[in-house]
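Working notes for the structure below.
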């Protein structure tokens, strides 16, 4: 049998710095499309104007950006601190087994049933 060591690292997702967000809109009634723009207000005005001219009121709006996934900065002291915090949270969340199991499982709180 082979064993593996799994190491998890934290990542963060940000917008790619060399790109812009692009806004688009498409009328679901007639297929009209607003000119894509990096300014969402311009696209909003275009499709509201289209609604005023045609009474079409259903649009698909698209907001597109390029995402960049990066490894978060890591240090052993941060990792130890996070593990300690997770353990203390787990202790706070799970009640004492003797109290949780109650008297039906014995005075010592031993339980062999599934949690």
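Nothing in this text is a laboratory measurement; each read-out follows from the coordinates by a stated rule. Note that the structure is predicted; figures quoted are calculated from it, not measured. Positions of Cβ are backbone-derived with ideal geometry, glycine not excepted, and every protein chain shown enters the neighbour counts.
Structure above, values below:
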quantity: Inter-site label distance for residue 86 and residue 64 at 7 Å from Cα along Cβ, in nm; calculated: 3.8
quantity: 43, 66 arranged by Cβ crowding within 10 Å, fewest neighbours leading; calculated: 66, 43
quantity: Length gained when the stretch residue 48-residue 11 is fully extended (0.36 nm per residue, less Cα-Cα span); calculated: 9.4 nm
quantity: 47, 32 arranged by Cβ crowding within 10 Å, fewest neighbours leading; calculated: 32, 47
